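Q: The structure follows.
The values are calculated or read from the model by the stated rules, or taken from the named source; none is laboratory data. Note that the coordinates shown come from a computational prediction; the quantities given were computed from them, not determined experimentally. In this analysis, Cβ positions are derived from the backbone assuming ideal geometry, glycine residues included, and neighbour counts consider all displayed protein chains.
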Amino acid sequence: MDRNFIIKFLSLAALTASVVAAQSVVPRRDIPAIAKAANGAVVSIVMSDKDSKPIAQGSGFLVSKDGIIITNYHVIAEGSSALVKLPDGAFFVVDGVLAFDKARDVAVIKAHGDNFHTLTLGNSDRVQVGQEVVAIGNPLSLESTVSNGIVSGIRADADLGGKFLQVTTPISPGSSGGPLFNMEGQVVGITTMYLKGGENLNFAIPINDAKRLLLAKYSKLQNFPNEPESASTDAPPSTAGEGPIAQMNSTAYQSYQELLQSEDPRLYSSLYACFDDNQKSNKFMVISANLSLDKKDLVVITSTFKNGVSDQSSLNFFEGPVEPFSSSAGVFATLHTMQDNKDNPSHQTDVFEWEPDVLTMKFGFGKLLPGQVRVTDEFNIQRSTGRYTEQIAVFASNGSTIDETGKCVRIPNNMQTSEEEHSPPK
């Protein structure tokens, strides 16, 4: 073979290899880009006891569209059931544990659902001391908290089964199980602990330790370890914000999840789903709201599902003008029923009050025909927590009052609240 040809061939091969290598390099990102790309894939994990009472909270992150989540073992060690919450307010029941390594404090769990947003895993063997890293987690239930720092050391501990990444990235109770990113947006670690009394002495488990669990052949889902309660580095869930709903084992909640999975248009055109605290309940209510194109009027519709079937007789329509001082910070409106009340005068003053802090429905107020029994129903949702109270008063010869409580959650869809879709009309 011609010597010059060989030299040219080898030169071309070397050039081609360089081009391929350059093309495979992942571009560096800034912190806002990493946070934006991770939005929806970092979850809050709430563990509950056998009575569905929340006892611990931590973080985790999705690595497959069918709901596989990586977290710390100690996050899921206590309790008999779990719920994961996405930043948009959607809740998903955890079906069980796929694999765990207690010594390395790594666990892989499976959320009930599909088409989740996921993160890309990097190679923790390439992590170097001094490189920048970003952590995202839910410290003290403050969801999607972003912090940054550097890898300040790589430590080995034989008693704990391997290496740890020492980082200056702040970690607090509730952050455990969250992802640690390199500046290419790849997960290189699992934030796990911090040393009390130390300044920025925080640690993460190399992601390669979790990869071998992901590669394991799963024979079946396991139950949670349900270890005896002990002192934990993670705080219990905050009462503020949309925390877990105690009704996740109810017939109503299960039918709600099934409708979500089937992408039922009646749910995907609504904002909130509300569940009774009574776990035996088979009913839940949905609420939808839409502003008019000129942002001057608001329509709210409520309906009830029973055993997964919409009860058409429960539909309620409310409509009215929004107050002129409303804005994207808060919409104020008192909406009267759109139903014909000529034959039902007790509903002439039914209203739905839409405000930034509370949503209120009032039924059954107004004039009554002779001999009618007056029934009033007031339903109040605290929007900061999602908790609702309902008071039903029956005024007859022996009038009585029924008080009920429950939880409303944001339905995971692209619908906007009235505040989110509000903008000053042109």
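Q: Find the residue count for the stretch 53-83, including only residues that are closer than 15 Å to T192 by Cβ and not in a strand (DSSP E or B).
A: Residues in the stretch 53-83 being closer than 15 Å to T192 by Cβ and not in a strand (DSSP E or B): 6 in total.
Residue by residue, here is whether (1) assigned by TED's automatic domain parsing to the domain that holds P324; (2) of a type in the set (F, W, Y); (3) at pLDDT 85 or above; (4) touching a Leu at 6+ places or on another chain (Cβ under 7 Å) holds:
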site: K220; (1), (2), (3), (4): no, no, no, no
site: E227; (1), (2), (3), (4): no, no, no, no
site: T251; (1), (2), (3), (4): yes, no, no, no
site: Q261; (1), (2), (3), (4): yes, no, no, no
site: N278; (1), (2), (3), (4): yes, no, no, no
site: S281; (1), (2), (3), (4): yes, no, no, no
site: S292; (1), (2), (3), (4): yes, no, yes, no
site: L298; (1), (2), (3), (4): yes, no, yes, yes
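Q: Given the conditions (1) exposed (fewer than 15 other Cβ atoms within 10 Å of the Cβ); (2) touching a residue at least 60 places away in the same chain (Cβ under 8 Å), and given that V309 satisfies all but one, which numbered condition is not satisfied?
A: (2)
Q: Turning to a different aspect of this structure: Just one of D264, D277 is within 23 Å of the chain's Cα centre (by Cα), free of Cβ contacts under 8 Å to residues at least 24 places away in the same chain and surrounded by fewer than 20 Cβ atoms within 10 Å (Cβ to Cβ); which is it?
A: Just one listed residue meets the conditions, D264.
Yes or no, residue by residue, for (1) under 25 Å from E258 (Cβ atoms); (2) buried (at least 19 other Cβ atoms within 10 Å of the Cβ); (3) assigned by TED's automatic domain parsing to the domain that holds T385; (4) over 13 Å from the mean Cα position of the chain (by Cα):
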residue: S64; (1), (2), (3), (4): yes, no, no, yes
residue: L86; (1), (2), (3), (4): yes, yes, no, no
residue: G89; (1), (2), (3), (4): yes, no, no, no
residue: A111; (1), (2), (3), (4): yes, yes, no, no
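Q: When only residues in the stretch 371-391 that are part of a loop (DSSP other than H, G, I, E, B) and in contact with a Lys or Arg (Cβ under 9 Å, 6 or more places away or on another chain) count, which is modelled with the highest pLDDT?
A: Filtering first and then ranking leaves G386.
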